[in-house]
């Protein structure tokens, strides 16, 4: 499947054009996040940030969005929760929670979905702020200063 086809399918799935800043991110994905390992301590959190937290491959983003919409989640009060159409999943925590964007713009920035509590929380006021958070969280500190 081509990336363009995946992006078109995503737009159809969410019922709106994908956010321009998100499309720009996919075209110019930060190299530092593409290379940033999820675990610096040899724990079980394998892969890169581009594989999980902010997925760089549109085909994988499409697959994740399809998966989230296939089944309901049981809320703590016992009701069934179905994934809202306008929320585009852009990544995940690796622990079952999703990072998403509201394509209708009712909620700005990046939202985290907690699958156990079945609640949403804005964690970054913009996609660029989310990228900075990921860079600060997952970039290895450089012990060798080039300025020495």
query = What number, rounded to the nearest 500 deg cm²/dmol, is the helix-based mean residue ellipticity at 222 nm of the chain, given -39500 (n - 2.57) per DSSP H run of at least four residues and division by all its residues?
reply = -10000 deg cm²/dmol
ask   = Given springs between every Cα pair under 10 Å in a Gaussian network model of the chain, which of 54, 23, 62 has the largest fluctuation?
value = 23
ask   = Once fully extended, how much extra length lies between residue 46 and residue 114, figured as 0.36 nm per residue of separation less the alpha-carbon to alpha-carbon distance?
value = 22.4 nm
ask   = Over the alpha carbons of the range 3-138, what is the largest minus smallest coordinate on each principal axis, giving the biggest first in Å?
value = 39, 33, 25
note = FRET efficiency for residue 72 and residue 93 from the Cβ-Cβ distance with R0 = 22 Å, rounded to 0.05, comes out at 0.65
key: residue 126 paired with residue 23, simple spin-label distance in nm, labels 7 Å along Cα-to-beta-carbon   = 1.9
ask   = Counting pairs of alpha carbon atoms under 8 Å apart in space and at least six apart in sequence, what relative contact order in percent does the chain give?
value = 21
request  = Report the extension gain between residue 12 and residue 35 in nm, rounded to one decimal, defined as 0.36 nm multiplied by the number of residues separating them, less their alpha carbon distance.
outcome  = 5.2 nm
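Every read-out reported here was derived from the displayed coordinates using simple, explicitly stated rules and does not represent laboratory data. Please read all numbers here as calculations on a predicted model, not as lab measurements. Counting neighbours? That spans all protein chains shown, and the Cβs are built from the backbone with ideal geometry, glycine included.
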